[in-house]
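Below is one structure, written out as structure tokens; the observations come after it.
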Amino acid sequence: MFIINLISVGLVLVVLIIVFYRFAVNSRLKKISQQKGQPLSFQKKLAYVKYLEQEKHVSFILFLSLLFAAGMLLSTYSLFEVEDQMHNLSQKNSQLKDELYKMRQEQRRFINDIPIKAYPEEGLGLGDYAWQEIFEHENRKVQYEIENDLSTKAEPYFGLSSTLIVLDIPSKTLSIAMVGNSGTEDKLETLEANQLAFVQEAKVVTNLTQVTFQMHVTDENNEEKTYNRTFTRSNNEEDFTQVEVEE
């Protein structure tokens, strides 16, 4: 394809060079013929030269027509090649979409078969994390480490490994977002119980004022539903209370 385009560009350049050259020759002859006081012999020779140049014009026009036709053929071939490639890409794209859809269906069936464990009595060790480094010193490195570690620990009790722990330093809030499929709706009772247990354990986290849960579960009709729960408190001495439940 690159070679064809390169040849097409070369043909265009050759055509332009020939056209400009013929224009230059024709312009030069006109200037000479407009000069006054030329002898008759010179005028005859000039007329003969003009005749020869006109013959060359015809020959060059035929040659340029041949180059133009060749360029058109190459361009048409190139367009067909591009169209064929676009068609192949479209087919591959459709195939990838089908495969992705099948993978998602398999993933959903796999997720639905994974049981949600009950929240451990010993908790997830929320009190062991260096929360002061985050809330008081805004240590981003520690924040990312806590997010990653807590996401891994929370997975068996809240669903997918895509569980996202988000710490917002300015508002001193901790949010948990279940951005993926967290299983079937029959696991909702266990998930809600685990949320309450997590919030109860989160009381030990100094300066933590809000915990938010978002879950995407599949009902019996294989339709996805989103559940949100938010717990807040005004200070470290208070218990968390649920302020919003959306289904």
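Odds and ends about this structure:
- Legend: distances between Cα atoms for Lys187/Lys225; Lys31/Lys56; Lys141/Lys225; Lys30/Lys56; Lys153/Lys203; Lys97/Lys187; pairs beyond 23 Å are Lys141/Lys225; Lys97/Lys187.
- Projected label points at Tyr48 and Glu145, each 7 Å from Cα along the beta carbon direction, are separated by 9.9 nanometres.
- Cross-link reach list, lysines versus Lys102, counting only Cα pairs under 19 Å and skipping chain neighbours closer than eight places: Lys92
Values quoted throughout were computed directly from the atomic coordinates according to the rules given, and no laboratory measurement underlies them. Small disclaimer: the values here were computed from a predicted structure and weren't measured. With ideal geometry, Cβ positions are generated from the backbone for all residues, glycine too; neighbour counts draw on all protein chains shown.
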